[in-house]
Amino acid sequence: LKDIQLNIEWHGIWFVTGTFDYDLVVIGGGSGGLACSKEAAQLGQKVAVLDYVEPSVKGTKWGIGGTCVNVGCIPKKLMHQAALLGTALKDAQKYEQWKPAVQNHVRSLNWGHRVQLQDKEVKYLNVKGSLLDEHTVKGSTRTGKEIMLTAKNIVIATGGRPKYPTHIPGAVEHGITSDDIFWLKESPGKTLVVGASYVALECAGFLTGIGLETTVMVRSIPLRGFDQQMAGLVTDYMEAYGTKFSWRSVPKSVDKLSSGVLQVTWTDEQTGKDQRDTFDSVLWAVGRAPETKTLGLEKVGVKLNKESGKILVAADESTSVPNIYAFGDIGEGRPELTPTAIKAGKLLARRLAGQTNELMNYDNVATTVFTPLEYGCVGLSEEEAESRHGKDSIEVYHAFYKPLEFTVAERDASQCYIKVVCKRGGDQRILGLHFTGPNAGEVTQGFAMGFQCGATLTHLKETVGIHPTCAEELTKVNVSKRSGLDATVTGC
Amino acid sequence: MSHYEEVKVHGYDEFCKAVSERKGNDIFAYFSGDIDTQGLSWCPDCVKAEPIVRGEMSHLPEGSVFFYCQVGERPYWKDPNNEFKKTLKLSGVPTLIRYGTPQKLVEEECFKADLVRMMFTED
């Protein structure tokens, strides 16, 4: 009670003098939090960023930079590259060989962020932040020491962490998640990846590529939310290249046998029967949960979406409490992507510094799934376009093409495919663009700019291709699904 | 009696030999252009950075080793194939590194006392 009294008096003093320790305190030092705090500091604000990694169930922890740098995009893409090289050279690079290279790079990024923060005079504190009131943040160190900071504005950018299916016996004790897969002491060995999200498929993809026996266990559909035809091509390719898939399967329990291997029991939903197999590792990729539980949000009045647990935010990233903002993975309805978090964070910093009124545009964001056969897309899926405009109002152009690279290696290219979903009539505005093939991210990025500018099929056809590339096939697309004609591209 | 050991070396071979003799220690290395008889380096940035780096050395961890390494004369340094550039991947002088980690401060970064202190005290 005495402590509460002190706080109230203290805040009386603060409001009278009108000074806070900081102009801005950012809770969360990931892609979004770092971009926001550095931008704000550059604009003359006094900023502190709090970053703290609660160790995973298995005890994995990491430095500053958030999910992307430590347990997401960066190590993922490096492992994906390793796997592609491993497959190409038919000399699978082992996990033990790649791990130090990946970890060194991540550590250099951690260091780079530390230097940048110091350089831009952003105060970095390795403490677990929580809200005491709308202007006060409490930070707890690993050893339990507490510090208080007051701030004019508070930004929450704490992101998310992988979910564990706690209702499955043995899941927590014996399973790992993407938090752990890049930092294991030993190779994961024969692995079961449970889930069908891009996290599940990307992990299963690179594990297969580095020579490990990998199975993906899918309850219903792969890549929920993505174009399902494209998702099917991605998984078909993976199956053709050695990743096993256990479709319509729901895990029931995980037991550790005396030999040390994990025995997984699951239900085959098609037959209703139980199946069993053993694995060295079980990787849960069944969704991510927002990091909001220990933030003290309820007490301060920051409203959450009851179902997702994410913070309800307005177009300017504001929450239900006037000077508290939230963005990145933690925001309800926001894409869970690094580039959107970075851009939103920078714009928020500029608005808070009074430099601009510009809001973040979350539309037309391109993404790529870095599975063994990469899938890049921007705009609507065919299903979404149909649902919004009606099947008769859209025209879908498509082509099966063969990358030149595959010819030399005699690789099967049946899943290399392009789909351009357009509004029917007139110049046929492009509603969605989809591409599976090598370097899909590189291919899609350029077309995303066209999409942002309102590109039409006419624009696409007026663009001369660069030869020989896979990307040029997008400019040559002319067979519609409606025509029923063969969409296979013939030689040049 | 300081809590760290300073080792002065000259040239790549001497540096490598001295480092190999001290494996297991927390090793920091400061690379500078050669010092002349007046104590000045041909590298103006090195002249500027040295007192700043030395000013933070009291923050070095207990039992660590601090290598002061003169890389050579200017023509040697300018050759893009010199061993420091090729093998240690140094891009400029002065450079301050924490051996065995990706932690490094290059050129103007060495002018910032707080960055130097951060390297000496961070885990």
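The values are calculated or read from the model by the stated rules, or taken from the named source; none is laboratory data. Quick caveat: nothing in here was measured; it's all calculated off a predicted structure. Every residue, glycine among them, receives a Cβ derived from its backbone with ideal geometry; neighbour counts consider all protein chains shown.
For the condition among the charged types (D, E, K, R), modelled with pLDDT under 95 and either at positive phi or assigned to a helix (DSSP H, G or I) (or both), what is the one hit in B:LYS17, B:LYS23?
None of the other options fit; the residue is B:LYS17.
Look through the range A:103-133, keep the residues that are within 8 Å of chain B (Cβ to nearest Cβ) and closer than 24 Å to A:ASN153 by Cα, and return whichever of them is surrounded by the fewest Cβ atoms within 10 Å (Cβ to Cβ).
A:ASP119
Would you confirm, using the coordinates I've provided, whether A:LEU233 is within 20 Å of A:LEU84 (Cα to Cα) and not in a loop (DSSP other than H, G, I, E, B)?
Yes; evaluated as a whole, the condition is true for this residue.
So in the range A:87-102, with the set limited to residues that are closer than 21 Å to A:TYR198 by Cα and at pLDDT 75 or above, which one is farthest from the other protein chains (Cβ to nearest Cβ)?
By that ranking, first place goes to A:TYR95.
Just for the range B:83-110: of the residues that are within 12 Å of chain A (Cβ to nearest Cβ) and of a type in the set (S, T, N, Q), which one is nearest to B:GLU73 (Cα to Cα)?
Filtering first and then ranking leaves B:GLN103.
Condition check: modelled with pLDDT of 95 or more, charged (D, E, K, R) and surrounded by fewer than 16 Cβ atoms within 10 Å (Cβ to Cβ). Does A:ASP255 satisfy that?
yes
Kindly provide the set of residues from the range A:150-175 that are part of a strand (DSSP E or B) and surrounded by 22 or more Cβ atoms within 10 Å (Cβ to Cβ), ordered by number.
A:ALA151, A:ASN153, A:ILE154, A:VAL155, A:ILE156, A:PRO162
Failed condition for B:ALA113, given (1) touching a residue at least 12 places away in the same chain (Cβ under 8 Å); (2) within 13 Å of chain A (Cβ to nearest Cβ); (3) buried (at least 17 other Cβ atoms within 10 Å of the Cβ), with all others met?
(3)
Residue-by-condition table, conditions (1) within 18 Å of the chain's Cα centre (by Cα); (2) within 30 Å of A:MET449 (Cβ to Cβ); (3) not hydroxyl-bearing (Ser, Thr, Tyr):
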site: A:LEU283; (1), (2), (3): yes, no, yes
site: A:GLY296; (1), (2), (3): no, no, yes
site: A:LEU304; (1), (2), (3): no, no, yes
site: A:LEU312; (1), (2), (3): no, no, yes
site: A:LEU337; (1), (2), (3): yes, yes, yes
site: A:ALA341; (1), (2), (3): yes, yes, yes
site: A:ALA353; (1), (2), (3): no, yes, yes
site: A:ASP363; (1), (2), (3): yes, yes, yes
site: A:THR371; (1), (2), (3): yes, yes, no
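Looking only at the range A:259-280, decide whether some residue is farther than 28 Å from A:GLU173 by Cβ and not acidic (Asp, Glu).
Yes.
B:GLU62 versus (1) closer than 25 Å to B:TYR4 by Cα; (2) crowded, with 16+ Cβ neighbours inside 10 Å; (3) away from chain A (no Cβ under 14 Å); (4) touching a residue at least 24 places away in the same chain (Cβ under 8 Å): which is the lone unmet condition?
Among (1) closer than 25 Å to B:TYR4 by Cα; (2) crowded, with 16+ Cβ neighbours inside 10 Å; (3) away from chain A (no Cβ under 14 Å); (4) touching a residue at least 24 places away in the same chain (Cβ under 8 Å), the lone unmet condition for B:GLU62 is (2).
When the range A:190-206 is examined, which residues are found to be in contact with a Ser or Thr (Cβ under 6 Å, 6 or more places away or on another chain) and within 19 Å of A:TRP266 (Cβ to Cβ)?
Across the range A:190-206, the qualifying residues are A:THR191, A:LEU192, A:LEU201, A:ALA204.
Scan the range A:338-365 and report the pairs whose first residue is at negative phi and whose second residue is loosely packed, with under 15 Cβ neighbours inside 10 Å and assigned to a loop (DSSP other than H, G, I, E, B), with Cβ atoms within less than 6 Å and a gap of 6+ or a chain change.
Close Cβ pairs satisfying both conditions: A:LEU347/A:GLU358; A:ARG350/A:THR356; A:LEU359/A:ALA315.
So which pairs qualify, if the first residue must be in the range B:69-91 and touching a residue at least 60 places away in the same chain (Cβ under 8 Å), the second must be surrounded by 17 or more Cβ atoms within 10 Å (Cβ to Cβ) and of a type in the set (Asp, Glu), the Cβ gap must be under 9 Å, and the two must be at least 6 apart or on different chains?
Listed by first residue and then by second, the contacts come to B:GLN70/B:ASP34; B:VAL71/B:ASP34; B:GLY72/B:ASP34.
Scan the range B:51-77 residue by residue and report those that are touching a strand residue (DSSP E or B) at 6+ places or on another chain (Cβ under 7 Å) and of a type outside the set (Gly, Ala, Ser).
Residues satisfying the conditions are B:VAL53, B:MET57, B:LEU60, B:VAL65, B:PHE66, B:PHE67, B:TYR68, B:CYS69, B:GLN70, B:VAL71.
Would you be able to tell me the number of residues in the range A:314-335 that are more than 22 Å from the chain's Cα centre (by Cα) and in contact (Cβ under 8 Å) with a residue 12 or more places away in the chain?
The qualifying residues number 6.
If you go through the range A:303-329 one residue at a time, how many are assigned to a loop (DSSP other than H, G, I, E, B) and of a type in the set (Val, Ile, Thr)?
Residues that pass the stated criteria total 3.
From A:VAL194, A:VAL199, A:VAL264, which residue is surrounded by 21 or more Cβ atoms within 10 Å (Cβ to Cβ), more than 22 Å from the chain's Cα centre (by Cα) and not acidic (Asp, Glu)?
A:VAL264
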